[in-house]
Amino acid sequence: MVSNKVETALNKQIEFEASSSQYYLAMASWAETQGLTGVAEFLYAQSDEERMHMLKLVKYVNERGGHALVPALKEQPKKFKSIQYVFEEVLKHEVFVSNEINGLVDICLKEKDYTTHNFLQWYVAEQIEEEALARKILDKLKLIGDDKGGMYLFDRDLPSISIAGAGRGGK
Ligand code: FEO
């Protein structure tokens, strides 16, 4: 059984994962309208992955005798000023989520909820991967700069980077 404190904190995390999914979906849709099909494919997959993170939490909360709450959808940005900006936002967002996960882990320790603490280790590892992937992409974008040919190759190769990157794709 989860305590009220842990349940509330997990429900908050459900909201963060859901809003990550929506945010990346908005980015994917925008990228697709810019003709960046590879970037869009990558971001659609990221959006799906965040929904999976949310679902995993929903099922866990209910399994442990709590009640997982489905958060409202917030309006997302329609436009993004550049691809560079999109991935800066992805990194910023993932760093924020990592901090939230750390806070959640801390609450579990204080509440002596070692089961949830154990469950959250998957998220801790996942955040390390997601931050590393966003940094890797930003490094590539820095190298490309304004080079259109470089951007063409980046867009072509990005979906395979996401699958090959840090053991992803098997979850
Ligand atoms: Fe599920 Fe990227 O945090």
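Whole-Hz Karplus values for region 71-81 come out as x, 6, 7, 9, 5, 10, x, 8, 10, 10, 6 Hz, taken residue by residue from phi with 6.51 cos²θ - 1.76 cosθ + 1.60 and θ = phi - 60°; glycine and proline positions read x. Ranking 84, 22, 38 by how far each Cα lies toward the positive end of the dipole of region 19-171 (charges on Cβ) leaves 22 at the top. With each label modelled as a point 7 angstrom along the Cα→C-beta vector, the residue 81-residue 135 pair spans 2.5 nm.
For region 58-66, backbone phi angles converted through the Karplus equation (6.51, -1.76, 1.60; θ = phi - 60°) give residue-by-residue couplings of 4, 5, 5, 4, 5, 4, 8, x, x Hz, Gly and Pro being listed as x. Of 56/79; 78/140; 81/148; 81/142; 81/140, which ones are farther than 21 Å apart at the Cα? Violating the 21 Å limit, Cα to Cα: 56/79; 78/140.
Accessible surface for region 52-132, divided over its residues, is 58 Å² per residue with a 1.4 Å probe.
The 3J(HN,Hα) values that the Karplus relation (6.51, -1.76, 1.60; θ = phi - 60°) gives for region 2-15 are, in residue order, 8, 6, 4, 4, 5, 4, 4, 5, 5, 5, 5, 5, 4, 5 Hz. Gly and Pro appear as x. With all pairs of separate Cα atoms included, the chain yields a Kirkwood hydrodynamic radius of 16.9 Å. Annotation: peptides 119-131, 147-159, ranked by per-residue average of other Cβ atoms within 10 Å with the highest first, follow the order 119-131, 147-159.
Overall, the accessible surface of region 4-168 at a probe of 1.4 angstrom is composed of carbon and sulfur to the extent of 56 percent. Using only side-chain charges placed at the Cβ, +1 for Lys and Arg and -1 for Asp and Glu, the dipole size of the chain relative to its Cα centre rounds to 120 debye.
Of all lysines in the structure, those lying under 17 Å Cα to Cα from residue 110, and not within fewer than 8 positions of it along the same chain, are 5.
The values are calculated or read from the model by the stated rules, or taken from the named source; none is laboratory data. Only a predicted model underlies this, so the values are computations on that prediction, with no experimental measurement involved. Cβ atoms come from the backbone with ideal geometry, glycine included; neighbour counts cover every protein chain shown. Areas reflect the complete protein model, heavy atoms only, side chains present, ligands, DNA and RNA absent. Shrake-Rupley method; radii C 1.70, N 1.55, O 1.52, S 1.80 Å.
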